[in-house]
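Right, one structure below, let's go through it.
The values are calculated or read from the model by the stated rules, or taken from the named source; none is laboratory data. Quick caveat: nothing in here was measured; it's all calculated off a predicted structure. Glycine gets a Cβ as well: all are built from the backbone with ideal geometry, and neighbour counts include every protein chain shown.
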Amino acid sequence: MQIAGFDDVQLVGVVVALLSTYVVARIVPRILAKIFEKTPFPERIERAIVRVSKYVVYVIGLFVVISILGVDLTPLIIGLGASGIAISFAMSNIIRNLVSGIIVQGDKHFRKGDRIKIRGHEGRVLKIGMRTTIIEADNGDRIFIPNSLFMSQPMLRVKRERKISPRTS
């Protein structure tokens, strides 16, 4: 039997690919979520990675279905690869800072409220973001430090002041 110019083998292949994609797209995020339970990464980063993983599975499934239908994906894949290389070169600093931000948040060498000194800048950490860390200098100025500097420059975390509790006699 043929439907719209496709033979039985193609139709069965498409159905199997679609069902497999659906099942894998439901399993992969669960596996990643279990793995992330044991990592120190911030929860919002973990959720984003889990969400993206599902879409990656769907895109791969779409490519498999298109390939089963007889469309040559070679030019598309070459084009995507070349585009990816061009985009990565154009966004290398942003990507470096994002990856560094994930590492900074995962390593927890310093946290909000700590005093740090890096590359001549010193202040109290106000926010550790994905691309930058914001510190407040003693004069009130806010300094935005790209997270990639924490991977390549020495940083000093000033000792935290201990709260002195009154002694009872």
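Please identify the pairs in which a residue from segment 115-141 that is in contact (Cβ under 8 Å) with a residue 40 or more places away in the chain and assigned to a strand (DSSP E or B) has its Cβ atom under 8 Å from the Cβ atom of a residue that is surrounded by 15 or more Cβ atoms within 10 Å (Cβ to Cβ) and hydrophobic (A, V, I, L, M, F, W, C), counting only partners at least 6 apart or on another chain. If the second residue must be surrounded by 15 or more Cβ atoms within 10 Å (Cβ to Cβ) and hydrophobic (A, V, I, L, M, F, W, C), the pairs left are Arg115/Val125; Ile116/Phe110; Ile116/Val125; Ile116/Ile135; Ile116/Met155; Lys117/Met155. Among residues of segment 24-49 that are surrounded by fewer than 13 Cβ atoms within 10 Å (Cβ to Cβ) and of a type in the set (D, E, K, R), none has a beta-carbon under 9 Å from a residue that is at pLDDT 90 or above and not in a helix (DSSP H, G or I) at least six positions away or on a different chain. Screening segment 35-77 for residues that are under 17 Å from the mean Cα position of the chain (by Cα) and of a type in the set (Asp, Glu) and picking the one that is farthest from Ile102 (Cα to Cα) gives Glu37. Across segment 79-133, which residue is modelled with the lowest pLDDT among those that are of a type in the set (Lys, Arg) and exposed (fewer than 14 other Cβ atoms within 10 Å of the Cβ)? By that ranking, first place goes to Lys108. Taking first residues from segment 83-100 that are farther than 15 Å from Met130 by Cα and partners that are of a type outside the set (D, E, K, R), the Cβ contacts under 8 Å between residues at least 6 apart in sequence or on separate chains come to Ser88/Ile95.
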